[in-house]
Every structure is written in C-alpha cells, then in structure tokens.
Amino acid sequence: QVQLVESGGGLVQPGGSLRLSCAASGSTFTINAMGWYRQAPGKEREAVAVIIIGGRTNYVDSVKGRFTISRDNAKNTVLLQMNSLKPEDTAVYYCNVLALGVSYWGKGTLVTVSS
C-alpha cells in the first residue's frame, strides 16, 4: 500500500509559476514510476508528466519546455515545476504512483490559471 499527499496548487496569473509536490508513504520501496495527471472541467484525465525508476521522464506535448518533473528519492517525493502557465493548464492535478503493478492516486490539487 502507498499513500499520497499532494500540495502546491492554487491561483496564478497567466505566465506565472507553481510547484506541485506529492509525498509518498507506506511501501515506497515498491514504486516503479511516479507521475502527474490532470483533469480539466468536462475533459478526460490525461497524463502530464511521468518519471520512472532510473530517472527517465516523459511529458505530454502541451507542457514540454514548460513543466519539469523530478523525484527526491530520499524524501519519497515527486515534484512538478510548472512555468509559463496558461489558462488551458487549469485543472485538478493528481499525483499517481505505480507500485508492483498497482496504481495509486492522490486526492488532487486544483490549479487555476486566470487573470
């Protein structure tokens, strides 16, 4: 079992930055991959960024060059640095980890990009 707690969402103006954090606890030694998904109103949940064991990362095209995912293994934390935010980035962001084939989700944190 893995438990996830997210933080860092909020309201930001277009062009601004936010950093999301997700702390994992429990059987963290079983984690293979960590990532962030988002779901905007009326849309399906989509993968934003993923980091797998070994450090390889993958991003959805719409955030490439603006968002950076990183992992602090010592703290069992995954971070999402979001720069140059756009109104279309507005969504609930969910932390996700894959551990021994099981997918775990955080409760989500709201990011609103608006002037």
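Every number here is computed from the coordinates shown, using simple stated rules; none is lab data. All figures in this text were calculated on a predicted structure; none of them were measured in a lab. Neighbour counts run over all protein chains shown; Cβ positions are idealised from the backbone, glycine included.
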Item to complete: Straight distance only, please: which aspartates and glutamates reach the Cα of LYS43 with their own Cα at less than 19 Å, same-chain residues fewer than 8 apart left out?
Response: ASP61, GLU88, ASP89
Item to complete: Report, ordered by chain and residue number, the lysines lying within cross-link reach of LYS64, taken as a straight Cα distance under 19 Å and ignoring same-chain residues fewer than 8 apart.
Response: LYS86
Worksheet item: Which of the lysines could be linked to LYS75 by a straight reach, that is with a Cα gap under 22 Å, when you skip same-chain ones fewer than 8 residues away?
Response: LYS107
Practice prompt. Apply the Karplus parameterisation 6.51 cos²θ - 1.76 cosθ + 1.60, with θ equal to phi minus 60°, to every residue of the stretch 31-41 and state each ³J(HN,Hα) to the nearest whole Hz, in sequence, with x for glycine and proline.
Written response: 6, 9, 8, 9, x, 10, 10, 9, 9, 8, x
Response to the item:
Long-range amide H partners of GLY16, meaning residues 5 or more apart or on another chain whose placed amide H is closer than 5 Å, are LEU85
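Loop-only check: which GluC sites (Glu not before Pro) in the stretch 43-115 are DSSP coil with at most 16 other Cβ within 10 angstrom?
Working: sites: GLU44, GLU46, GLU88; in loops: GLU44.
Loop-located and lightly packed - GLU44.
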Practice prompt. Using the Karplus curve 6.51 cos²θ - 1.76 cosθ + 1.60 with θ = phi - 60°, work out ³J(HN,Hα) for each residue of the stretch 62-68 in order, rounded to whole Hz, and write x for Gly and Pro.
Written response: 5, 10, 4, x, 10, 10, 9
Fill in: Point-charge dipole on Cβ atoms (K/R +1, D/E -1) for the chain, about Cα centre, debye to 20
120
Worksheet entry | Square roots of five times the Cα gyration tensor eigenvalues for the chain, Å | 23, 14, 13
